[in-house]
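First comes the structure, then the notes that go with it.
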Amino acid sequence: MPVSFRGVVVAMVTPFKDGAVDEAALRRHIDFLIDQGVQSVLPCGTTGESPTLSHEEHNRVVALTVEAARKRVPVLAGAGSNSTAEAVGMAKHAKQVGADGLLLVSPYYNKPTQEGLYRHFVTVAEAAELPVILYNIPGRCAVNILPETVARLAAHPLIVGVKEATGDLNQMIRTIELCPPDFLVTSGDDGLTLPLLAVGGGGVISVAANIIPKPLVGMWRAWEEGQTAKARELFFKMLPFFKALFLETNPIPIKYALHLAGRMEPDLRLPLVLPSGPVQEKLSEMINLWGLKG
């Protein structure tokens, strides 16, 4: 059976301690998430501070995640770069160590055309021979994968979905309209998960699931089972937490929230820094409200 990345995929943080990857904390975090019922885990995405991981650290985090997951859930490995050759290298490593799929962000800074985007994603997918989820986040990459380009890519057998983080529900709807029914359009924003499910989306690649995985899984399962009132209730209960986690640049708030919950150090790598005082207070309020204080 082909691997599926429907449901709640956790865009995992990368724990640090004394300047290095905290492997023990990462293993504990993966066990916690799987025990809470998430459908998949994602190392080395935006939330995992991939821009400040060395190539060696990146490869180690992917390998460790595969090892720690022990086939209990699929591993969707971040392998994006603005250099196609570099992305190919990371993708091949992910395949070699046993990852189940790839998340490929749009090439950032060099701003390719739609044709360039198409060729980039196909080249990486074919080099690694793994299922690919595209990652469309124009706010960080300065380029938008248009729905027509996503539909063109969806015709490729290895390109199975897109993480939509444009914040534009109309674009997501257009993408769903143009793509085959089995092509996964998943939310890249926790706060748009339920609206996207309502128009045919298949889940979320979630920041908030690092800290409140069970309610997110509960919302998705409720929607899948036709319990729309329950799904809405859970969504609106979580919405203030979603908002708090994006008061400053991700992953600053989620790292601090996990620290307050006693799960790991709040360490970030420059140029990211600890949240401001007011944001720390708001996160502490949410942690106390949800009974998560460590």
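Ordered by residue, what ³J(HN,Hα) values in Hz, to whole numbers, does the stretch 125-131 give under the Karplus form 6.51 cos²θ - 1.76 cosθ + 1.60, where θ = phi - 60° and Gly and Pro are x?
With the stated coefficients, the stretch 125-131 comes to 4, 6, 5, 9, 6, 10, x Hz.
Report, by chain and number, residues whose modeled amide H sits under 5 Å from the one on I159, excluding near sequence neighbours (fewer than 5 apart, same chain).
V132
If r is the Cβ-Cβ distance from E56 to R140 and R0 is 30 Å, what FRET efficiency results, to the nearest 0.05?
It comes to 0.80.
For the stretch 93-191, which chymotrypsin sites (Phe, Trp or Tyr not before Pro) are both in a DSSP coil and crowded by at most 11 other Cβ atoms within 10 Å?
Y109
How would W223, W290 line up from fewest to most surrounding beta-carbon atoms within 10 angstrom?
In order of increasing Cβ crowding within 10 Å: W290, W223.
Report the equivalent ellipsoid semi-axes for the chain in whole Å, largest first, defined as the square roots of five times the eigenvalues of the gyration tensor built from alpha carbon atoms.
The equivalent ellipsoid of the chain has semi-axes of 27, 23, 18 Å.
May I ask you to list the trypsin sites (Lys or Arg not before Pro) in the stretch 29-105 that are in a DSSP loop and have at most 14 other Cβ atoms within 10 Å of their Cβ?
When the trypsin sites (Lys or Arg not before Pro) of the stretch 29-105 are filtered for loop state and at most 14 Cβ neighbours within 10 Å, R70, K71, R72 remain.
Tell me the label-point distance for the pair A20, Q36, using the 7 Å Cα-to-Cβ offset, in nm and rounded to one decimal.
Modelled inter-label distance: 2.7 nm.
Between beta-carbons, use under 11 Å as the cut-off and find the net charge around T46, counting Lys and Arg +1, Asp and Glu -1.
Local net charge: +1.
Based on the Kirkwood radius over alpha-carbon pairs, what value in µm²/s does the Stokes-Einstein equation return for the translational diffusion coefficient of the stretch 1-146 at 10 °C and 1.306 mPa s?
It diffuses with D of about 104 µm²/s by this estimate.
Select from the stretch 207-294 those trypsin sites (Lys or Arg not before Pro) which occupy a DSSP coil region and have at most 14 other Cβ atoms within 10 Å, ordered by residue number. Working shown, then result.
Values: sites: R221, K230, R232, K237, K243, K255, R263, R269, K282, K293; in loops: R263, R269, K293.
Taking the stretch 207-294 and a limit of 14 other Cβ atoms within 10 Å, the loop trypsin sites (Lys or Arg not before Pro) found are R269, K293.
Compute the Cα gyration tensor for the stretch 90-246, then decide on rounded, prolate or oblate, letting a ≥ b ≥ c be the square roots of its eigenvalues: rounded whenever a/c is under 1.5, prolate when a/b is larger than b/c in the other cases, and oblate in all that remain.
Values: a/c = 1.74, a/b = 1.63, b/c = 1.07.
Prolate, since a/c reaches 1.5 and a/b exceeds b/c.
With 22 Å as the limit, write out which pairs from K230/K282; K230/K255; K17/K282; K243/K282 have Cα-Cα distances beyond it, or answer none.
K230/K282; K230/K255; K17/K282
Please compute the length gained on full extension between E225 and N288, using 0.36 nm multiplied by the number of residues separating them and subtracting their Cα-Cα distance.
19.6 nm
What 222 nm value per residue comes from the helices of the chain, counting each DSSP H run with n ≥ 4 as -39,500 (n - 2.57) and dividing by all residues, nearest 500 deg cm²/dmol?
About -14000 deg cm²/dmol.
Over the chain, what relative contact order in percent results from Cα pairs under 8 Å that are six or more residues apart?
17
With a ≥ b ≥ c taken as the square roots of the eigenvalues of the C-alpha gyration tensor of the stretch 1-70, please select rounded if a/c is under 1.5 and otherwise prolate if a/b is larger than b/c or oblate if it is not? Walk me through the numbers on the way to the answer.
Working: a/c = 1.94, a/b = 1.58, b/c = 1.23.
Cα axes put the stretch 1-70 in the prolate bin.
Kindly put L274, L184 in sequence by how many other C-beta atoms sit within 10 Å of each C-beta, fewest to most.
Listed from fewest to most nearby Cβ atoms, that is L274, L184.
Nearest 0.05, what FRET efficiency do K111 and H156 give at R0 = 25 Å with Cβ-Cβ as r?
Details: r = 23 Å, r/R0 = 0.91.
Plugging the Cβ-Cβ distance into 1/(1 + (r/R0)^6) gives 0.65.
Read-outs throughout are calculated quantities, based only on the coordinates presented, and are distinct from any laboratory measurement. The model shown is predicted, which means the values in this text are computed figures rather than measured ones. In this analysis, Cβ positions are derived from the backbone assuming ideal geometry, glycine residues included, and neighbour counts consider all displayed protein chains.
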